[in-house]
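The structure appears below as structure tokens.
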Amino acid sequence: MTDHRIHVTLDEMLARRGMTLTELASAVDMSVVNLSILKTGKARAIRFSTLTRICDVLDCQPGDLLALGPSHLNR
Amino acid sequence: MKKQTRRRDPLGPLDTVTNVLATVLVVVFAIGGVAAIFTDGITFFDVNGPTICIDADGSIGASSDLDTMDREFFGLRDDVTTYPSQTTVCDPSPTFADRALEGLSVIPAFAVFVGFLVFTQRTIRYARRHGLFSTSLAKRIERLGWLLVIGLVGAACIEWLASGLLLHRLVSKESWTRGSFSISLVGIIGACGIISVGRVMARAAYLQEDADATI
């Protein structure tokens, strides 16, 4: 059970740029495993350096990759 | 160019020491046990010998001071007084109960030491299989510390009781409570240290999980 409501929308960004996860991993010099952890929402935190590299490659803003999910109170 | 630092095995020193001690124990037991069984006159661990002996209070036996000739021989100053050291009482034909009590007055602390060695080796193997930072390893380490504390205290109590009962059997006027009580304070402090390390490792495990899940 996570203690946050942040979703990483990496899937959508990759689709928009027509890139695969493997290509992104190679471009940002990270392992596919780690990017997969990010993509599937299993990551607990992301370093600013990682966010910078991903945004540079995907030509986007950090806000394009991160979204806040609905709270249980607002359902 | 950054010099690559050699990563030392954090479990290396403990692993080495426990392996060496375990090997030495096995060899000593093998040689000593075989010699005691097959050679007359050799006892192993001072148990199962022809006689059993136990230290008694110095009030038994010897007089409290030397005579004049002895004082001159040893060159004792006039105002110096002598007191007898502990008297040892021995039974040349012990019963099974006497032998059992003699064993219980010696072996428990050694058993705790061997048990601690075995559990430490098992904990090291577990750490190598499951990683250094896991809550399960932290619990094992804390449990090891508690086992050591309970073992040391328990062994000291058993040895005190056994030596007291044996002394009472050989010297009826001595109470069974007059056994020898000794406990390793360094061991107790060390065991408490192991318990604390286990608790710190439990916190570190959560930190490691966070670090592992940080991309």
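Brief remarks follow.
- Taking the criterion of being in contact with a helix residue (DSSP H, G or I) (Cβ under 8 Å, 6 or more places away or on another chain) and without any contact (Cβ under 8 Å) to a residue 12 or more places away in the chain, the residues of region B:147-194 that qualify are B:H168, B:S175.
- Subset of region A:22-32 that is more than 18 Å from A:E12 (Cα to Cα) and away from chain B (no Cβ under 12 Å) - its residue that is modelled with the lowest pLDDT: A:D29
- Lone qualifier among B:L137, B:L144, B:L132, B:L117 - being touching a residue at least 40 places away in the same chain (Cβ under 8 Å), within 18 Å of B:D15 (Cβ to Cβ), outside any helix (DSSP H, G or I) and among the aliphatic types (A, V, I, L, M): B:L132
- Whichever residue in region A:53-75 is modelled with pLDDT under 95 and polar (S, T, N, Q) and, among such residues, is nearest to A:M30 (Cα to Cα): A:S71
- Test for A:T50: is it of a type outside the set (A, V, I, L, M, F, W, C) and within 17 Å of B:I215 (Cβ to Cβ): yes
- The condition (being more than 24 Å from B:F181 (Cα to Cα) and surrounded by 14 or more Cβ atoms within 10 Å (Cβ to Cβ)) is satisfied by just one residue among B:E102, B:E72, B:E142: B:E142.
- The one condition from (1) at pLDDT 90 or above; (2) within 11 Å of chain B (Cβ to nearest Cβ); (3) closer than 25 Å to B:L207 by Cα that A:K42 does not meet is (1).
- Verdict on A:L35 being within 14 Å of B:I215 (Cβ to Cβ) and facing chain B (nearest Cβ under 10 Å): yes
- Complete set of residues in region B:71-99 that are modelled with pLDDT under 90 and of a type in the set (A, V, I, L, M): B:L76, B:V80, B:V89
- For region B:75-99, taking the residues that are in contact with a helix residue (DSSP H, G or I) (Cβ under 8 Å, 6 or more places away or on another chain) and part of a helix (DSSP H, G or I), the one that is surrounded by the fewest Cβ atoms within 10 Å (Cβ to Cβ) is identified as B:A97.
- Only a single criterion out of (1) within 14 Å of chain A (Cβ to nearest Cβ); (2) surrounded by 18 or more Cβ atoms within 10 Å (Cβ to Cβ) is not satisfied by B:L207, namely (2).
- Among the residues examined, B:V200 does not qualify as exposed (fewer than 14 other Cβ atoms within 10 Å of the Cβ) and farther than 30 Å from A:T50 by Cβ.
- Residue list for region B:161-195, restricted to those being part of a helix (DSSP H, G or I) and touching a strand residue (DSSP E or B) at 6+ places or on another chain (Cβ under 7 Å): B:S163, B:L166, B:L167, B:L170
- Residue match in region A:5-17 (condition: without any contact (Cβ under 8 Å) to a residue 60 or more places away in the chain, away from chain B (no Cβ under 14 Å), of a type in the set (A, V, I, L, M, F, W, C) and loosely packed, with under 12 Cβ neighbours inside 10 Å): yes
- When region A:37-57 is filtered for residues that are among the polar types (S, T, N, Q) and surrounded by fewer than 16 Cβ atoms within 10 Å (Cβ to Cβ), the ones remaining, listed by number, are A:T40, A:S49, A:T52.
- Tabulated pairs, region A:49-67, first under 17 Å from A:T22 (Cα atoms) and within 14 Å of chain B (Cβ to nearest Cβ), second not in a helix (DSSP H, G or I) and not hydrophobic (A, V, I, L, M, F, W, C), C-beta under 7 angstrom, 6+ apart or interchain: A:C55/A:Q61
The values are calculated or read from the model by the stated rules, or taken from the named source; none is laboratory data. In this text the structure is predicted, and so the values were computed from the model without any measurement. Ideal geometry is used to build each Cβ from the backbone, glycine not excepted, and the neighbour counts take in all protein chains shown.
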